[in-house]
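Let me begin by presenting the structure, written as structure tokens, before commenting on it.
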Amino acid sequence: MGFPVVGIVGGGQLARMMATAAVGLGVGVRVLAESPGSSAARTVPGTLIGDGADLDRLRTFARGVDVLTFDHEQVPTAHLVRLADEGVVVRPGPEALVHAQDKVRMRSRLTAAGLPCPAWARAVDADSVAGFAARHGWPVVLKTTRGGYDGKGVEVVSSRDQAVAVMASLRAAHDDLLVEQHVPFVRELAALVARSPHGQAVAYPVVESVARDGVCAEVTAPAPGLAEATALEAARIALGIAGLLGVTGLLAVELFETAGGGLLVNELAMRPHNTGHWSLDAAVTSQFENHLRAVLDLPLGDPRARAPWTVMANVFGPVDPSVPSMYDAFRHVMARDPGLRVQMYGKEPRAGRKVGHVTAYGGDLADTRERARHAAAYLMGEIDE
Ligand code: ADP
């Protein structure tokens, strides 16, 4: 039919939801997944099993696809440079993606471009961390340059002694560390944009994201009470970064909002992002579809919300092992609220693992929030009726 095939490296829920969007568009989709049990491998026929860090496996996978894209950042940049040199279309390209993989590269580039970031430095040893803290104050935040996700690889440190211990444990996983000022933010925002190779870009409404134990738990679109000027500034920052780095596909910019409406960039992701899951059921074009459109250089879809308020709540595997099957709870939340959208990822509900999300949208923020919170809590066995 002349429709292209998109290859997604990584078999998590992001790949699964991208694959569903690909079905809707009628484009082909292939997945390179870590294991046959992974979220996308369970739904995408012909999934290749293999490690995205293995160059030969990547090369084999790339042979059957028109464009290569990602569900996560854990693919060595050097492999992608190599594949691109061999003629594989990689989107986002490695020279852009490295800024979502390497926090020092990201901080250096954004700071040089005058984009607002927390004060930061390379953390060479405990003395350099103490020196940084002498200028910016304790506590400081130590981070691994690569490999962090969901708050892993990020530690708040209040003294030189603590820095020594934390640096040793972080270095066990990754060599290079950076130190940042501890930002007294009032909340975390995210600005998502999609950008295509010929430079078309669209911006989603700026959202508020609330984390629980370092993991995104709830997202509200648009961010309640956000001043219009701040929302415009957040979108301007995200569009500016997408253009500066030549991002193709989705770009999520995590931001800190400080007292008085100041904004600082926390980190970048170049793929669909948890803070954009609300768009699957409550935007005209979801982030998953716009990521595919962007990497295929198709015209982008309207990113606007369908309702004044949308609240997305993540569903985690129940911590309490005595909680009965989630399927019973599933039936209950559907019966209670037919307007609620429930998305499950086909993952075993191990304690604390992200296994799905729910989305409510409507005209009243408090009511919308209550519907999403209630459903997520019920599915996790945290409340009973
Ligand atoms: P990850 O790569 O694991 O997502 P992040 O850099 O996003 O790591 O940090 C995880 C969380 O830690 C952030 O969402 C924020 O709540 C907190 N955090 C990170 N950097 C800072 C900072 N400089 N000041 C204050 N809090 C921070």
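Give the number of residues within segment 206-246 that are within 15 Å of the ligand (Cβ to nearest atom) and either assigned to a helix (DSSP H, G or I) or without any contact (Cβ under 8 Å) to a residue 24 or more places away in the chain (or both).
3
Restricting attention to segment 62-85, does a residue exist that is closer than 30 Å to ALA165 by Cβ, out of contact with any helix residue (DSSP H, G or I) (no Cβ under 9 Å at 6 or more places or on another chain), buried (at least 16 other Cβ atoms within 10 Å of the Cβ) and at pLDDT 95 or above?
no
Would you tally the residues in segment 86-111 being over 23 Å from ASP175 (Cβ atoms), surrounded by fewer than 19 Cβ atoms within 10 Å (Cβ to Cβ) and small (Gly, Ala, Ser)?
Looking only at that region, the number is 1.
For segment 17-48, enumerate the residues that are exposed (fewer than 15 other Cβ atoms within 10 Å of the Cβ) and at pLDDT 95 or above.
Correct list: VAL23, GLY24, GLY26, SER35, PRO36, GLY37, PRO45.
Name the single residue that is farthest from the ligand (Cβ to nearest atom) among those in segment 104-148 being charged (D, E, K, R), within 28 Å of the chain's Cα centre (by Cα) and farther than 10 Å from LEU178 by Cβ.
Selected residue: ARG109.
With GLY7, GLY2 as the choices, which residue is under 27 Å from HIS357 (Cβ atoms) and either assigned to a loop (DSSP other than H, G, I, E, B) or within 23 Å of the chain's Cα centre (by Cα) (or both)?
None of the other options fit; the residue is GLY7.
I need every pair where a residue in segment 140-157 that is among the basic types (Lys, Arg) has its Cβ under 8 Å from the Cβ of a residue that is assigned to a strand (DSSP E or B), sequence separation at least 6 or different chains.
Between residues of segment 140-157 that are among the basic types (Lys, Arg) and residues that are assigned to a strand (DSSP E or B), the close pairs are LYS143/VAL154; LYS143/GLU155; LYS143/LEU177; LYS143/LEU178; LYS143/VAL179; LYS143/GLU180.
Give, as residue ranges, the helices (runs of 4 or more DSSP H) completely inside segment 247-345 that count at least 3 residues that are in contact (Cβ under 8 Å) with a residue 40 or more places away in the chain and either in contact with a Gly (Cβ under 8 Å, 6 or more places away or on another chain) or under 28 Å from ARG109 (Cβ atoms) (or both).
Numbers: elements: 279-282, 287-295, 326-336.
Of the helices (runs of 4 or more DSSP H) lying wholly inside segment 247-345, those with at least 3 residues that are in contact (Cβ under 8 Å) with a residue 40 or more places away in the chain and either in contact with a Gly (Cβ under 8 Å, 6 or more places away or on another chain) or under 28 Å from ARG109 (Cβ atoms) (or both) span 287-295.
Would you mention how many residues in segment 166-200 are hydrophobic (A, V, I, L, M, F, W, C), in a strand (DSSP E or B), in contact with a Gly (Cβ under 8 Å, 6 or more places away or on another chain) and within 16 Å of the ligand (Cβ to nearest atom)?
The qualifying residues number 2.
Please count how many residues of segment 155-169 are crowded, with 18+ Cβ neighbours inside 10 Å and within 22 Å of the chain's Cα centre (by Cα).
Qualifying residue count for the region: 1.
Within segment 76-85, is even one residue aliphatic (A, V, I, L, M) and closer than 29 Å to ARG353 by Cα?
Within segment 76-85, the subset aliphatic (A, V, I, L, M) is 78, 80-81, 83-84.
When the remaining residues are screened for being closer than 29 Å to ARG353 by Cα, the result is none.
Among the residues of segment 76-85, not one is aliphatic (A, V, I, L, M) and closer than 29 Å to ARG353 by Cα, which makes the answer no.
The values are calculated or read from the model by the stated rules, or taken from the named source; none is laboratory data. Here the structure is a predicted model, which means the values were calculated and not measured. So basically every Cβ, Gly included, is an ideal-geometry build from the backbone, and we count neighbours across all protein chains shown.
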